[in-house]
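Bear in mind that the values in this text are calculations on the coordinates, not laboratory data. Model, not experiment: these values are computed from the prediction. Note that each Cβ is placed from the backbone with ideal geometry, even for glycine, and that neighbours are counted across all protein chains shown.
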Amino acid sequence: MAKHPPTTPRIGFVSLGCPKALVDSERILTRLRADGYDMAADYDSADVVVVNTCGFIDSARDESLAAIGEAIAENGKVIVTGCLGATPDLIRETHAEVLAITGPHQYDAVVSAIRAAVPAPQPTRSAGSAPLEVKLTPPHFAYLKISEGCNNRCSFCIIPQLRGRLASRPVGDVLDEAERLVAGGVRELLVISQDTSAYGADIRYAPSRWRGRDVRARVTELADALGELGAWIRLHYVYPYPHVDELIPLMECGKILPYLDVPFQHASRTVLKAMRRPAAEARTLERIATWRERVPDLTIRSTFIVGFPGETEANFEQLLEWLEAAELDRVGCFKYEPVAGAKANELPGGVPDDVKDERWHRLMSAQRAISARRLAAKTGTTIRVIIDALCDEGAIGRAMGDAPEIDGNVYVAGDHAEVGSIVSARVTHSDDYDLWAQLVEVEPDGLGAH
Ligand code: SF4
């Protein structure tokens with residue numbers, strides 16, 4: 001282990017929240033490392049602690065406030081950044097002693113606050129050299145954030161207040177970052193944003209030169225270009241706007257994974273209207289059927305909210321019927337929680353907690369049966385699996401239809417797989433959410449997406 005010079009200041013870092021916040025943490029840590037700071041492994045050895053917070057729903061806000069309290073108790077010198085930083089009064093009410101508060105993706109401001117608290121040492125890189133990017137994910141996969149903020153106004157959500165309007169990164173920057181990541185050994189890129197299908201709308205889809213041609217800042221063109229890199233490309237938070245249909249040919253020809261994460265949130269027109277969801281009018285069942293006709297192994301993931309204000313039993317049953325018809329592969333479900341500052345708080349027809357609970361259980365049990373059915377149908381087929389970890393029986397990985405953390409696992413029996421490798425495996429059995437498979441062969445590095 002390298003000897004730590006006693007004068008090098010060390011920064012403690014606590015990262016909470018979603019993958020978008022994780023990418024913010026990676027960017028802040030990259031800047032700090034370029035400035036010559038070291039990272040502290042615990043509170044005791046840190047000269048200052050940064051807490052990157054989440055403020056999406058009240059429970060996340062409570063968790064963030066508790067993490068700030070813990071850092072103050074354990075270390076004393078604390079800087080807060082991230083979504084909850086957009087409401088500094090709320091933080092100061094509970095924790096008056098924090099040194100500084102900055103909002104989400106305010107990298108300059110948080111780094112300035114750290115420098116004010118603990119002066120920067122000498123930079124560790126020579127002038128002009130690129131900073132070594134800090135990644136908080138395992139070496140074989142990485143999140144690729146293509147935009148900040150959101151122009152939608154869903155009534156239950158305060159993200160636009162916290163993170164501002166849509167601000168898309170130039171497509172050339174995104175592709176350069178993706179190329180660097182793949183060159184550094186990443187085999188799976190997870191494209192994230194608040195609304196991936198809206199990418200580029202704010203910059204009029206401005207093109208960038210890349211590999212000798214113009215690529216427009218539009219999700220389909222971005223996905224097409226990413227598909228040339230030879231890594232798995234997984235798209236998250238894709239709203240069902242009409243142009244999403246243009247992604248299907250990219251799946252058909254194997255440029256991107258046959259995976260769509262579409263946060264439908266509900267199926268009742270009335271509830272969707274009250275939620276003010278984008279693309280709420282889209283005829284989703286028909287479109288799902290068309291997508292599946294063209295890409296039979298397509299995995300669709302989604303999230304839903306039950307107990308939204310005004311949701312009647314009939315609205316909820318409509319959602320259940322829709323789920324049975326849609327047969328989505330992966331579903332997350334949340335019980336509606338009012339968020340301070342959200343428009344939905346003004347809506348009449350609050351649903352009692354016991355009814356929310358009951359609807360949540362009914363939805364999850366219906367979906368469990370759908371998931372089990374869809375996974376059982378894979379028995380006997382050969383699938384591709386990316387390996388996340390090794391275990392006594394072999395390896396734990398994910399199929400093309402499984403995103404890390406949120407979807408299922410594939411338990412692969414057999415030797416010779418390595419973490420980060422992609423293997424083919426024959427499915428032997430399944431349960432409600434996971435698959436078991438026998439290793440067939442390890443693919444050599446550098447294969448295309450399919
Ligand atoms: S699309 Fe809706 S839920 Fe998603 S971040 Fe934007 S406003 Fe919030």
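What the table below lists for this structure:
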{"read-out": "Cα-based convex hull, the chain, per residue volume (Å³, whole number)", "value": "162 Å³"}
{"read-out": "³J(HN,Hα), Karplus 6.51/-1.76/1.60, whole Hz, each residue of the range 134-139, x for Gly, Pro", "value": "8, 10, 9, 9, x, x"}
{"read-out": "Computed over the range 293-403, Kirkwood Rh from alpha-carbon pairs, angstrom", "value": "16.5 Å"}
{"read-out": "Inverse mean reciprocal Cα-Cα distance (Kirkwood Rh) of the range 227-291, Å", "value": "13.0 Å"}
{"read-out": "Fraction of beta bridges assigned by DSSP in the chain that are antiparallel (%, nearest 5)", "value": "40 percent"}
{"read-out": "Unsatisfied cross-links (Cα-Cα over 28 Å) in the set K135/K335; K273/K356; K255/K343", "value": "K135/K335; K255/K343"}
{"read-out": "nm² value of the averaged projected area, convex hull over the Cα atoms of the range 72-115", "value": "2.9 nm²"}
{"read-out": "H361-A167 pseudo-label distance in nm [points 7 Å out on the Cα-to-Cβ vector]", "value": "4.6 nm"}
{"read-out": "Equivalent-ellipsoid semi-axes of the range 356-450, from the Cα gyration tensor, Å, largest first", "value": "27, 13, 12"}
{"read-out": "Cα-only Debye scattering, the range 10-117: base-10 log of I(q)/I(0) at q = 0.17, 0.22 Å⁻¹", "value": "-0.68, -1.20"}
{"read-out": "Residue of G184, G332, G172 that the Gaussian network model of the chain assigns the largest fluctuation, springs spanning Cα pairs under 10 Å", "value": "G184"}
{"read-out": "Residue order, fewest to most beta carbons within 10 Å, for R187, R204", "value": "R204, R187"}
{"read-out": "Kirkwood hydrodynamic radius over Cα pairs of the range 280-335, then Stokes diffusion coefficient at 4 °C and 1.567 mPa s, in µm²/s", "value": "104 µm²/s"}
{"read-out": "Neighbour net charge for F316 - beta-carbon separation under 11 angstrom, K R +1, D E -1", "value": "-2"}
{"read-out": "Cα-based shape type of the range 196-337, given that a ≥ b ≥ c are square roots of the gyration tensor eigenvalues and the cut on a/c is 1.5", "value": "prolate"}
{"read-out": "Unpartnered cysteines - no second Cys beta carbon under 4.7 Å - across the chain", "value": "C18, C54, C83, C150, C253, C333, C391"}
{"read-out": "Gain upon complete extension [R276, D176; 0.36 nm per residue less C-alpha separation]", "value": "32.5 nm"}
{"read-out": "From phi via Karplus (6.51, -1.76, 1.60), per-residue ³J(HN,Hα) for the range 143-150 in Hz, x at Gly/Pro", "value": "7, 10, 8, 9, 7, 10, x, 7"}
